[in-house]
Amino acid sequence: MTAVADLTLPKLDMTDPGLKGELWHAEMKSMLESGEWLAESPMATVVLGREAGEFFLRTRSAVFPGLLIARIFGIDDGPLFEQIKHNIINVNGDAHRRLRGLVNPSLTPRAANNYRPAMRDILGKLWDDLEGTVEFDFIDAFARPYPALTISRVMGAPPEDAPLLHDWSMWIQRQFDPIALSDPEMIETIQTKVGEFYDWVRPLIETRRDSPSDDLISSLIATEEEGEKLSGVELENLVLNILVGGVDTTQNQLAHAIRLLAERPEQWLALRSDTETLAPLATMEALRFEPITPFTARQLLEDVEYDGITFPAGTVIAVCSFTGNRDPEAFSEPMDFDITADRGKTRNLTFGAGFHYCVGANIAKAELEEGLTFLAEKIETLELAGPVELQTVSGIYGIDSLQLRVEAA
Ligand code: HEM
């Protein structure tokens, strides 16, 4: 058995702010070509392979390192610390199973389908707001407002609060981004934003207790009242987790999908010709090819052995979905973005795996499918109308600006 510390591994700095766009793709291509399944990053051992990635995501000998991240960055009090302690991603074992048992029924494929008419309605209004403009920033026009409006509908929040929800989600999501957390001012802002969210959500929960509706908060309250012991603190934190998990993520995945399609007119044409078949495939292909969660982390609770290598307790593992999703044994021609390719049944790693597998995956997929279907029906041709401003791959790999020129159908 070899200790991981004794291996000479390729180096990859996940926190390098320059790591994005073509450089990101080139760097990871050379990692794949090196034939290694591990790499070394300043804060973590990176797992590049798909099967190994799944193993580490699923093992019972590891947890998400949220509390470790808090300790490293000196977050030990205030609303942000409270939130980190109660975040479902940092809850494990029986307590986590119970929480998932309570929230899962509200986020099944069928539950997600129930929100599709609302999604189409939101997209229609955003389209109308463009008033025939043919050149616009896709982030401002669709990617940013659409998931925030959808999540406010899912939660039963007033639509006029969607910009607030967006702002909170964007800030609170940064609790997972080591680059952001290196700046103490950033941490102070996140503290404030978490406090604001709690102040906003508590009266909303009370309103829903008095007048339930067909929304997620009402359905969580109903579960609570059927004898399950979901405390007030658990309820408000679950709502926060859904908000934080559900806005910035879908926003950026949709933006990447549109960017990839704008760069490939023949695939846009194909999508337009058969949205029913190809919108779901395009959704899965965008998630596979350009994951907005390029790394998902675990911290080992005990020594773990895998493929003849020992990883000591305490090791932080960063599972790379970008490389895992390019495993040639799981996906044919994995380096190509192709919405018509048969990708088989293998799950990509973009939503993670195991106990903490993304609870909002069905909502996210429904939103992406509806977004792509709607836009393909409305837009005959689309092209990039300026340089794409990309964020870094540390945290959520997002897009700040995506200028499009379109010809309406
Ligand atoms: C493209 C969109 C999305 C992507 C790529 C994404 C990705 C992820 C990933 C990688 C994880 C961690 C999984 C793991 O550690 O194994 C996760 C967890 C989570 N996501 Fe998502 N997500 C997306 C959309 C959403 C949406 C729409 C919601 C809410 C409606 C959501 C809520 C959550 C929550 C609450 C967790 C924690 C689950 C747990 O700890 O049990 N996400 N997501």
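The values are calculated or read from the model by the stated rules, or taken from the named source; none is laboratory data. Predicted, not measured: the structure shown is a model, and the values here were computed from it. For neighbour counting, all protein chains shown are included, and Cβ atoms are generated from backbone atoms with ideal geometry for every residue, glycine included.
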Name the helices (runs of 4 or more DSSP H) wholly inside the stretch 202-271 in which the number of residues that are within 18 Å of Val91 (Cα to Cα) is 3 or more. 232-246
Write out, first by first residue and then by second, each pair whose Cβ atoms fall under 9 Å of each other, whose residues are 6+ apart or on separate chains, and whose first residue, in the stretch 360-378, is small (Gly, Ala, Ser) while the second is more than 8 Å from the ligand (Cβ to nearest atom) and in a loop (DSSP other than H, G, I, E, B). Ala366/Tyr115; Ala376/Ala409
Looking only at the stretch 251-273, filter to residues that are polar (S, T, N, Q) and away from the ligand (no atom under 14 Å from the Cβ); which one of those is surrounded by the fewest Cβ atoms within 10 Å (Cβ to Cβ)? Ser273
Selection over the stretch 75-110 where residues are part of a loop (DSSP other than H, G, I, E, B) and without any contact (Cβ under 8 Å) to a residue 12 or more places away in the chain yields a count of 3
Any residue in the stretch 52-66 that is under 18 Å from Thr323 (Cα atoms) sitting within a Cβ distance under 8 Å of a residue that is part of a helix (DSSP H, G or I) and hydroxyl-bearing (Ser, Thr, Tyr)? List the pairs, counting only those 6 or more apart or interchain. Gly53/Ser321
Output the residue which, of all residues in the stretch 193-204 that are touching a residue at least 12 places away in the same chain (Cβ under 8 Å) and more than 13 Å from Leu243 (Cβ to Cβ), is surrounded by the fewest Cβ atoms within 10 Å (Cβ to Cβ). Arg202
Residues of the stretch 85-95 satisfying the condition of being buried (at least 19 other Cβ atoms within 10 Å of the Cβ) and either farther than 13 Å from Gly354 by Cβ or among the hydroxyl-bearing types (Ser, Thr, Tyr) (or both): Asn87, Ile88, Asn90, Val91
Would you mind telling me which numbered condition in (1) surrounded by fewer than 19 Cβ atoms within 10 Å (Cβ to Cβ); (2) at pLDDT below 95; (3) more than 10 Å from the ligand (Cβ to nearest atom) Asn104 fails? (3)
Checking Pro312 against (1) touching a helix residue (DSSP H, G or I) at 6+ places or on another chain (Cβ under 9 Å); (2) away from the ligand (no atom under 16 Å from the Cβ); (3) at pLDDT below 95, which test does it fail? (3)
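Every residue, every condition in (1) small (Gly, Ala, Ser); (2) closer than 23 Å to Val388 by Cα, yes or no:
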position: His96; (1), (2): no, no
position: Leu102; (1), (2): no, no
position: Arg110; (1), (2): no, no
position: Met119; (1), (2): no, no
position: Thr133; (1), (2): no, yes
position: Asp137; (1), (2): no, yes
position: Arg144; (1), (2): no, yes
position: Ala148; (1), (2): yes, yes
Test: Arg343 is over 18 Å from Glu290 (Cα atoms), surrounded by fewer than 21 Cβ atoms within 10 Å (Cβ to Cβ) and away from the ligand (no atom under 16 Å from the Cβ): no
Looking at Glu131, is it under 30 Å from Ala44 (Cα atoms) and either in contact with a Pro (Cβ under 6 Å, 6 or more places away or on another chain) or loosely packed, with under 14 Cβ neighbours inside 10 Å (or both)? no
Subset of the stretch 153-200, residues within 20 Å of Asp215 (Cβ to Cβ) and of a type in the set (Phe, Trp, Tyr), comes to Trp168, Phe197, Tyr198, Trp200
